[in-house]
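The values are calculated or read from the model by the stated rules, or taken from the named source; none is laboratory data. If you're wondering where the values come from, they're calculated on a predicted model, not measured in any experiment. Reconstructed Cβ throughout: ideal geometry from the backbone, glycine too, with neighbour counts over all protein chains shown.
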Amino acid sequence: MTLLEERPVNTAAGPTASSVWRRNRGLLALGVLLVAALTLLAVIGGTGKAGALDPDTFDPAGAHALAQLLRDQGIEVLRTTDVPSTTNEATAASTVFVPLPGLLSDEELQQLSTLPGTMVVAGAGPRTLGDLDTDTTIEASGDTRVVTPSCSLRAAVKAGRARAGGYTYSPGPHDDGAVGCYPIGSSPSVLSLPNKHLVLVGAAEAFTNKRLTEAGNAALGLNLLGGGDKVVWLMPASDRAAFGNKPVGSPDSLLPESVRTGRLQLVVVVGLLALWRARRLGRVVPEPLPVVVRASETVEGRGRLYRVARARDTAAESLRAGARDQLSRRVHSGHAPTPAALVAAVSDRSSASPLEVEALLYGRAPSDDAALVRLADQLDSLIQEVAGS
C-alpha cells in the first residue's frame, strides 16, 4: 500500500467552494443590503405618490373615503385619466376635480378652463394659475393646519373648522365676486371665483383618507365637490411624464433625482470597495506535486484501461501512430508524410514488402488480445530493422 493510499491528500489546485464563500461572504452580504436598499428607495420614491388623492385608493394618501361619501349622497363619481375623457364627461351640472394639476401640460390646463360646470383645483401653483385664465396670484406656500373658514362661502360655513394651508391666494382685479376662506396669515387658502366657475384649494390634504375624519374635512370635501350631480375626478395616467403627455421612457425615469444620485454614489463606493478587497495578482508560485508518478506507471495504467474497455482498436492505433512517428524520422520522410510515401520509404529500408508494411502501419484493428500483442512485436521489430539499416 502506497503513502497515497494510506492517507488521502487533497490535490485541488484552485480555491474550494468553502474558501470562496469565507473570503467573499462579507462583500456578498453588502451587495444584498445595497440591492435591498435601492429597491426600497425605488418603491418609496417611484411609487409612493402613485395613489395620492386617487378615488380608488385605500391608502392613507388616497381619497376613496371621500369618493364613497359622495356616492352615498347619490352623486356619481367618475374617475378619468386624461383630458379628452374628462371633457366628454363634463356637463354644466357636474364638478370637475383636479387634485394633481402639476401633472398636466399647459395645453391640457387651458382646455380644462373652458369646460362647463364648476372646477375644483387643489394645489394650483403659479404655472397652473396662468393656464386657467385668472388674475389670481399666489401669496405664500406653507404647511397645513386646522383653521376656521372666516368667510361667507356656504360650503365653508357648513363645514366649519377644517385643515387648510399649502398655497394661499390673492384674487386679481378681474376676479369679480371672489370669496376667500380659511386664511393662513392674511391670505385665504381656499378661493372661490364664481365668474370663472373655479374653486382653488391650496392643499388637498384634508380630502385624503388619513385626514378626512379630522374636524370638518369631510363636510368641506362634500360641499365643494357635491354641488352637482356628478364629480369627474381627473387622475392623470401613471405612465405620463410630469408636465405633459409624453410617456415615460424607462422605469429609471420614474425614480426621483435623489434616488438616482444616491444609486450612483453607491455604485462608486462598491467599486472602490471591490478594488480595495480584490486579490492582487503576483508572480506564479510553483507548488510541489502531492505525488510523483513514473511514466511507466502512466503507460501501464492506460494499457489496463484499454484492456478493461476492450478498446483494441484504440490501442492498436496508438501503437501504429507511435511507430509511424518514429519511422518517419528514421527514413527522413518529412513531417506528416502521406501513407504511400511512408510505406515506400520504410519498405526500401527493410526486408518487408510494401503490402506488409502497409498492413502493419495502416491495417485493420486486431481481433483479439493475442493479435494486438503480435502487432506490437512486429512494429517493434520493424522499427529496430529500419534503425539498424
| message | Looking for something at pLDDT 80 or above, assigned to a helix (DSSP H, G or I) and among the aromatic types (Phe, Trp, Tyr) - is there at least one such residue anywhere in the stretch 301-309? | response | yes
| query | Within the stretch 291-321, how many residues turn out to be surrounded by fewer than 10 Cβ atoms within 10 Å (Cβ to Cβ) and within 53 Å of the chain's Cα centre (by Cα)? | reply | 1
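Could you tell me whether the stretch 310-319 includes any residue that is at pLDDT 75 or above, under 30 Å from residue 81 (Cβ atoms) and in a helix (DSSP H, G or I)?
Just the residues of the stretch 310-319 that are at pLDDT 75 or above, to begin with: 310-319.
From the residues that got through so far, the ones that are under 30 Å from residue 81 (Cβ atoms) too are none.
No, the conditions are met nowhere in the stretch 310-319.
Considering every residue within the stretch 141-163, establish whether at least one is of a type in the set (D, E, K, R), buried (at least 19 other Cβ atoms within 10 Å of the Cβ) and closer than 19 Å to residue 211 by Cβ. Even if it seems obvious, please write down each step before you answer.
Kept after step one, since they are of a type in the set (D, E, K, R), are these residues of the stretch 141-163: 143, 145, 154, 158, 161, 163.
Now restrict to residues that are buried (at least 19 other Cβ atoms within 10 Å of the Cβ): 163.
The next check asks that each one be closer than 19 Å to residue 211 by Cβ; those that pass are 163.
Within the stretch 141-163, one or more residues are of a type in the set (D, E, K, R), buried (at least 19 other Cβ atoms within 10 Å of the Cβ) and closer than 19 Å to residue 211 by Cβ.
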| task | Give the stretch 360-389 a look and list any residue that's within 16 Å of residue 321 (Cβ to Cβ), small (Gly, Ala, Ser) and in a helix (DSSP H, G or I), or say none. | result | 376
| message | Filter the stretch 119-140 down to the residues that are surrounded by fewer than 22 Cβ atoms within 10 Å (Cβ to Cβ), outside any loop (DSSP other than H, G, I, E, B) and of a type in the set (Gly, Ala, Ser) and list them by number. | response | 130, 140
| task | For the stretch 320-350, enumerate the residues that are touching a residue at least 40 places away in the same chain (Cβ under 8 Å) and not in a helix (DSSP H, G or I). | result | 331, 349
| note | Residue pairs within 9 Å by beta carbon, gap of at least six or interchain, first lying in the stretch 293-319 and farther than 18 Å from residue 367 by Cα, second small (Gly, Ala, Ser) and modelled with pLDDT of 80 or more, listed first then second, are 293/301; 302/315; 302/318
| Are any of the residues in the stretch 195-209 farther than 22 Å from residue 57 by Cα, surrounded by fewer than 19 Cβ atoms within 10 Å (Cβ to Cβ) and out of contact with any helix residue (DSSP H, G or I) (no Cβ under 6 Å at 6 or more places or on another chain)? | yes
